[in-house]
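Written out below as structure tokens is the structure these notes cover.
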Amino acid sequence: KQKSKNEVAVKVIMKEVGKYVEKDVKMEVETLHELRNKGIVPNILDCVETEDKVYIFLEKLEFDLKSNKFLSLFRQKSVVERINFYAKIAERFGALHEEKILHLDIKPGNIMVTSEDIDDFKIIDLGISIRAGSGDKSEKGTMIYRSDRLKLSVDKVPISYDDVYSLARTIANIEVTV
């Protein structure tokens with residue numbers, strides 16, 4: 001389609017029976033389009049579907065919050081700077097919630113830094129996100145970051161609390177690692 005000299009990231013989703021859920025891919029693509037150019041998520045450049053795969057072409061980001069590069073840069077920040085960084089992360093997830101989107105897989109690997117300036121980051125992997133209030137159930141996500149409420153809930157209907165819990169676990173994980 002478009003020719004560009006810029007690097008891109010490509011998310012490849014295999015259409016394996018039992019793993020590929022068309023609804024999840026559609027939600028991720030719709031959300032990326034909806035939030036494009038708002039600085040919350042990487043800009044989606046294209047989406048191509050073949051018989052056995054879906055390719056989502058995205059703005060290229062540098063590294064995630066669990067990478068050694070991030071951790072080495074983050075260690076140089078003061079406590080106040082780190083708290084301000086966490087507040088910015090909370091604001092970005094708050095912006096998702098304002099759009100009625102629950103991420104449901106908040107973890108260090110799903111927050112990516114755009115450059116050496118680690119204060120410039122974006123939220124990735126919206127594949128299991130859902131619309132708040134939709135009544136959709138969820139049993140997906142990285143277990144260690146999932147809220148106990150959602151792990152133990154009979155109905156498995158996520159609420160904003162579940163993202164807040166995951167964000168708190170993410171911050172604690174980063175602080176323990178730093």
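Using only alpha-carbon positions, what ratio does the radius of gyration of segment 98-178 give when scaled by 2.2 N^0.38 Å?
After normalising by residue count via 2.2 N^0.38 Å, the value is 1.13.
Based on the Cβ-Cβ distance from residue 67 to residue 22, what FRET efficiency comes out when R0 is 41 Å, to the nearest 0.05?
Working: r = 31 Å, r/R0 = 0.76.
Between residue 67 and residue 22 the formula returns 0.85.
Of the labelled options [x] 1.74; [y] 1.40; [z] 1.05, which one gives Cα Rg over 2.2 N^0.38 Å as computed for this structure?
Of the listed options [x] 1.74; [y] 1.40; [z] 1.05, [z] comes from this structure.
Given Cβ point charges of +1 (Lys, Arg) and -1 (Asp, Glu) and nothing else, what value in debye, to the nearest 20, does the dipole of segment 49-151 about its Cα centre take?
That gives segment 49-151 a dipole magnitude of about 520 debye.
State to the nearest 20 debye the size of the charge dipole of the chain about its Cα centre, where the only charges are +1 on K and R beta carbons and -1 on D and E beta carbons. Can you show the working numbers first?
Values: 30 positive and 31 negative charges, 43 e Å.
Result for the chain is approximately 200 debye, rounded to the nearest 20.
Go ahead and set up a Gaussian network model of the chain, Cα springs under 10 Å, then flag whichever of 166, 138, 153 fluctuates most.
Residue with maximal mean-square fluctuation among 166, 138, 153: 153.
Compare 126, 45, 32 in a GNM of the chain, Cα atoms joined below 10 Å, and give the one with the largest fluctuation.
45
For the cross-link pairs 38/88; 26/69; 100/151; 23/53; 69/107; 23/107, which exceed 25 Å when the distance is taken from alpha carbon to alpha carbon?
As for pairs spanning more than 25 Å Cα to Cα, those are 26/69.
Under the rule of -39500 (n - 2.57) per DSSP H run of 4 or more residues, summed and divided by the residues of the chain, what mean residue ellipticity at 222 nm is obtained, to the nearest 500 deg cm²/dmol?
-11500 deg cm²/dmol
Using +1 at the Cβ of each Lys and Arg and -1 at the Cβ of each Asp and Glu in segment 41-178, identify which of 78, 152, 102 lies farthest towards the dipole's positive end.
Farthest along the dipole direction, towards plus: 152.
Where a number appears in this text, it was derived from the coordinates with a stated rule and is not lab data. All of these numbers come straight from a predicted model, not from anything done at the bench. Because the Cβ atoms are built from the backbone with ideal geometry, glycine has one as well, and the counts that use them run over all protein chains shown.
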